[in-house]
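So the structure is just underneath, and the comments pick up after that.
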Amino acid sequence: MPTPESYTKKRLREILAQYDGMYSYWPVPSGFGRTTVDCLGCYRGRFFIVETKADKKKPTLKQTIELRDAEAAMGKAFVMAGPKDPAFEDLIAWLDDLRKTVPNDPHLSPDQVNRRPI
């Protein structure tokens with residue numbers, strides 16, 4: 001039986017599937033080691049993380065720390081609280097901007113933003 005959060009995850013998966021070259025990892029908590037958010041991803045050399053929630057729910061303290069730490073490392077962090085959350089539009093706009101501005105060629109010269117070869 002689907003959980004309320006599963007509808008948010010489903011919409012996120014559908015959006016990410018629309019971007020060629022998208023990498024996403026959905027860790028499954030096992031009770032061992034460090035926990036993280038629901039989705040870790042990389043698109044055109046840019047790292048992002050997403051925490052999904054049911055409608056109007058908020059991230060836990062640990063999840064909030066993960067989101068903050070990713071942004072401190074120059075990654076992008078998103079929280080999606082429900083399948084109709086306006087934050088989905090922010091994610092889509094960010095991904096679309098990357099698709100327009102960052103070439104999809106891993107053999108380019110070093111990227112000045114990331115300071116590493118892409």
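The values are calculated or read from the model by the stated rules, or taken from the named source; none is laboratory data. This one's a predicted model, so the numbers in the text were calculated from it and none came from an experiment. Positions of Cβ are backbone-derived with ideal geometry, glycine not excepted, and every protein chain shown enters the neighbour counts.
Could you please give the count of residues in the range 38-53 that are modelled with pLDDT of 95 or more and of a type in the set (K, R)?
Of the residues in that region, 1 qualify.
Does the range 61-91 hold any residues that are surrounded by fewer than 18 Cβ atoms within 10 Å (Cβ to Cβ) and among the acidic types (D, E), and which are they? Steps first, answer last, please.
Pass one, the range 61-91, residues surrounded by fewer than 18 Cβ atoms within 10 Å (Cβ to Cβ): 61-62, 64-65, 68-69, 71-75, 84, 86-87, 89-90.
Listed by number, the residues that qualify are D69, E71, E89, D90.
Answer yes if at least one residue in the range 54-70 is more than 12 Å from the chain's Cα centre (by Cα), in a strand (DSSP E or B) and modelled with pLDDT of 95 or more, and no otherwise.
So far as the range 54-70 goes, no, none of its residues is more than 12 Å from the chain's Cα centre (by Cα), in a strand (DSSP E or B) and modelled with pLDDT of 95 or more.
Would you call L40 surrounded by 14 or more Cβ atoms within 10 Å (Cβ to Cβ) and free of Cβ contacts under 8 Å to residues at least 40 places away in the same chain? Please lay out each step first, then the result.
Numbers: surrounded by 14 or more Cβ atoms within 10 Å (Cβ to Cβ): yes; free of Cβ contacts under 8 Å to residues at least 40 places away in the same chain: yes.
The answer is yes for L40.
State the number of residues belonging to the range 20-37 that are buried (at least 16 other Cβ atoms within 10 Å of the Cβ) and either closer than 15 Å to L67 by Cα or modelled with pLDDT under 90 (or both). Before the answer, list the steps.
Let us first name the residues in the range 20-37 that are buried (at least 16 other Cβ atoms within 10 Å of the Cβ), namely 24, 36-37.
Right, trim to either closer than 15 Å to L67 by Cα or modelled with pLDDT under 90 (or both) and you get 36-37.
The number of residues fulfilling the criteria is 2.
Return yes when Y23 is free of Cβ contacts under 8 Å to residues at least 24 places away in the same chain and under 19 Å from V102 (Cα atoms) and no when it is not.
Values: free of Cβ contacts under 8 Å to residues at least 24 places away in the same chain: yes; under 19 Å from V102 (Cα atoms): yes.
Considered against the rule, which asks whether it is free of Cβ contacts under 8 Å to residues at least 24 places away in the same chain and under 19 Å from V102 (Cα atoms), Y23 comes out as yes.
Please work out if P29 is assigned to a loop (DSSP other than H, G, I, E, B) and touching a Ser or Thr at 6+ places or on another chain (Cβ under 8 Å).
yes
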